[in-house]
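Below is one structure; the comments refer to it alone.
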Amino acid sequence: MTETPNIDNTHFQEIDRERLFDGNTPSHAPRILLLYGSLRERSFSRLVTEEAARVLARFGAETKTFNPSGLPLPDDADATHPKVQELRDLVAWSEGMVWCSPERHGAMTGIMKSQIDWIPLSVGAVRPTQGKTLAVMQVNGGSQSFNAVNQLRILGRWMRLITIPNQSSTPKAFLEFDENDRMLPSGNYDRMVDVMEELVKFTLLTRGRSDYLVERYSERKESGEALIKRVNQRAN
């Protein structure tokens with residue numbers, strides 16, 4: 001075995017291939033939560049999200065979409081606010097998420113960021129986002145850009161989500177919808193379908209195994225050291 005003198009062998013574990021590949025895979029439809037980042041009456045991020053939800057349903061997923069209207073600014077209310085509770089309950093329910101934001105002033109919108117900021121990294125012993133899948137999309141009023149999706153990727157990694165490789169950026173979104181607010185056939189539509197297909201595949205592959213996929217040596221070590229410390233304190 002290779003020498004690794006700095007590793008604490010008490011908490012180091014070899015890769016458990018049986019647990020990784022033969023986990024207890026759920027049989028229900030993949031549960032996908034969709035968030036969008038605009039409150040305009042004709043919000044193109046909402047319209048793309050609604051179209052994505054239809055595609056996800058075709059791929060066999062169960063979807064729920066959160067309406068951010070009425071969600072307070074982070075720290076302007078406490079976590080018992082009904083809209084905050086609604087959002088957190090939906091995140092807990094989900095096995096994967098779609099985040100879709102307009103690009104405003106070269107960045108995601110404050111509405112999008114506020115939703116993400118209300119999602120905690122942990123609630124007691126439960127981590128609402130860790131190990132779940134994420135797809136990121138953006139819409140643009142002008143030419144194509146990737147500023148918003150790049151920022152959403154950073155946030156997804158920070159929230160310990162499994163952020164899939166593919167993404168969607170729709171330029172001149174106002175040209176992509178008909179009078180019934182349905183997305184027109186185009187390469188942009190096809191790309192959105194690609195992203196949803198990939199999201200479902202990654203969700204099916206990882207759910208039931210996500211706890212193991214994100215289990216960490218450093219956290220096992222930290223928890224073990226904290227337990228030893230508590231035991232010693234009680235003994236004294």
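The values are calculated or read from the model by the stated rules, or taken from the named source; none is laboratory data. All values derive from a computational prediction rather than experimental measurement. Cβ: placed from backbone, ideal geometry, glycine included. Neighbour counts: every protein chain shown. Remember, those area values only see protein heavy atoms, side chains included, never the ligands or the DNA or RNA. Shrake-Rupley method; radii C 1.70, N 1.55, O 1.52, S 1.80 Å.
For Arg88 and Ser143, what does the FRET efficiency come to when R0 = 41 Å and r is the distance between their Cβ atoms, rounded to the nearest 0.05?
The pair Arg88/Ser143 has a calculated efficiency of 0.70.
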- [ ] Calculate the spin-label point distance for Arg157 paired with Ala77, positioning each point 7 Å from the Cα along the beta-carbon direction, and give it in nanometres.
- [x] 3.3 nm
Open item on the list: Among (i) 109; (ii) 161; (iii) 180, only one was calculated for this model; which label is it, if the read-out is volume of the Cα convex hull per residue in Å³?
Closed with: (iii)
- [ ] Would you mind getting me the FRET efficiency between Arg58 and Glu215? Use the beta-carbon distance for r and R0 = 35 Å, nearest 0.05.
- [x] 0.55
TODO: Using Cα positions and a limit of under 20 Å, work out the lysines in reach of Lys113, with same-chain residues fewer than 8 apart set aside.
DONE: Lys64, Lys83, Lys132
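Rounded to the nearest whole Å², what accessible area per residue is found for the chain with the 1.4 Å probe?
That works out to 56 Å² per residue.
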Open item on the list: How large a share of the accessible area of region 124-236, in percent, is made up of carbon and sulfur atoms when the probe is 1.4 Å and the other protein chains stay in place?
Closed with: 52 percent
Task: Length-normalised contact order of the chain in % [C-alpha pairs under 8 Å, at least 6 apart] - done: 23 percent
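Using helices alone, I'd like the mean residue ellipticity at 222 nm for the chain: each DSSP H run of four-plus residues gives -39500 (n - 2.57), total over residue count, nearest 500. Please list the in-between numbers first.
Numbers: 8 runs with 95 residues, N = 236.
Taken over the chain, the calculation gives -12500 deg cm²/dmol.
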